[in-house]
1. Using each residue's phi in region 360-374, evaluate 6.51 cos²θ - 1.76 cosθ + 1.60 at θ = phi - 60° and report the 3J(HN,Hα) Karplus result to the nearest Hz, with x for Gly and Pro.
2. Counting other C-beta atoms within 10 Å, which of 68, 397 has the fewest, and how do the rest follow?
3. Name the long-range amide H neighbours of residue 55: under 5 Å, sequence gap of 5 or more, or other chain; modelled H, no Pro or chain starts.
4. Go through 337, 368, 269 and say which Cα lies farthest out towards the positive end of the charge dipole of region 253-377; charges sit on Cβ, +1 for Lys and Arg, -1 for Asp and Glu.
5. Cut-off is 10 Å between beta-carbons; in what order do 363, 47 appear when sorted fewest neighbours first?
6. What ranking, highest mean first, results for peptides 348-360, 313-325, 229-241 when packing means the other Cβ atoms within 10 Å averaged over each residue?
7. Give the residue from 129, 60, 148 lying farthest towards the positive end of the charge dipole for region 42-158; charges sit on Cβ (+1 for Lys and Arg, -1 for Asp and Glu) and the dipole is referred to the Cα centre.
Amino acid sequence: MKRLALALLLGAAALWVTAGVLQDRHALWPWVGAFAEAAMVGALADWFAVVALFRHPLGLPIPHTAIVPANQARIGRSLADFVADHFLGDEAMVARLRAFKPALRLGGWLADPGHAEQVAQHLAGAARQALKALDEPAVRQTVERAAQERLREVDVAQLSGRLLQGLLADRRHQALLDVGLEQLARWLADETLQARLVEVIASETKVLKVVGLDQMAGRMATRRIVGAATRLIEEVNDDPQHPLRLRFDDFAAGFVEQLQQDEAWRARGRELRDEALAQPAFSRALQSLWGELLHWADDDLRAADSTLRRHAADAVRGLGQTLQQDRVQQRWLDAQFVAAAPRVIHQVREQARSLIAERVAQWDAQQLSRTLELHLGPDLQYVRFNGTLVGGLIGLVLHAVQLAWR
């Protein structure tokens, strides 16, 4: 393109010389000379303008030439401001964010099983790093102290009373009575226990022992005792309103009330609590429990079929499905994104502005000029073409005006 522009300039120069030699031979040649002369002026002026953008014409330090190298830093700042203000403006970015529908897209991404597994893998890696930190001796001691401080604040009697009160709801404590009665029935049915009862009763019937009826009396008494107890157990099992059950209700309610209100019980609970916490065995047990919990979690996270990782992936996928289906949550989450966007956009915009300005300022000035000239060169050479032709046309107009004036 530069050679073509130069060829056009040389052509205008040759035409101007030819017109000067032949101008007396025909009236048309002065017009040709005027055209060629003005064309050369236009071509040279535009050549100077194009070259002055990137370097000093002919190497001469003419003022206001080599514009790009001389203003490299200002160009970088201007470019940075243009990009930051027009491409990273708050309104434009927020509008794009609303159209993007981030909550719905996030839900679709998380609902994908592969993506959910990726998130679970990252969470597992972060969790393993956290477990290593939690297994440090200093952390163990901190956890132990915090646990003991919390436990010292617990009112054992009142806590036990509330737990038992929960059992009293819907008479669920009666299940404990049923278990006790079943165990008693099994004991009474045990032949070893029955033989022991026979011996005890026989040893107490000294009068019958003289006539050899002590064993018989013992067996009869044992059968009566076992039979009576068995019948009583059956009656209690069959009757939800049996007096024994009602008495057990009264006993349990009274015991719960004592635990919650009786200061003596509460003081005894505090004593037992403090005695347990002061035992070295409790401290060792607490540290052992903490270590076992951490090791179990670490072993599980390293396993190929990790339970924790599988639950995490399921939770992530469930969250994604919820976001896809729940319009209310989508609108809420989108609103949070939009509310947080200006602050983030401002940070990114200023970082981009600084980055662009710094990068442009760091470029080699000659290389920058060369790169811009290669990219813009073809279009800039058309300026020289147009300058040559337009200059020639203006020369014709001026020649016509000059003739008219004469």
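1. Result, rounded to whole Hz: 5, 5, 7, 5, 5, 4, 5, 5, 4, 4, 4, 5, 5, 5, 5.
2. Details: 68 19, 397 12.
Placing the least packed residue first, the sequence is 397, 68.
3. 66, 67
4. Checking the options against the dipole of region 253-377, the answer is 368.
5. Numbers: 363 14, 47 20.
Fewest-to-most Cβ neighbours within 10 Å comes out as 363, 47.
6. Working: 348-360: 15.4, 313-325: 17.1, 229-241: 12.6.
The peptides rank, most packed first, as 313-325, 348-360, 229-241.
7. Working it through, the farthest residue towards the positive pole turns out to be 60.
Coordinate-derived values only; no laboratory data. Being a predicted model, the structure only gives us computed values, none of them experimental. Note that each Cβ is placed from the backbone with ideal geometry, even for glycine, and that neighbours are counted across all protein chains shown.
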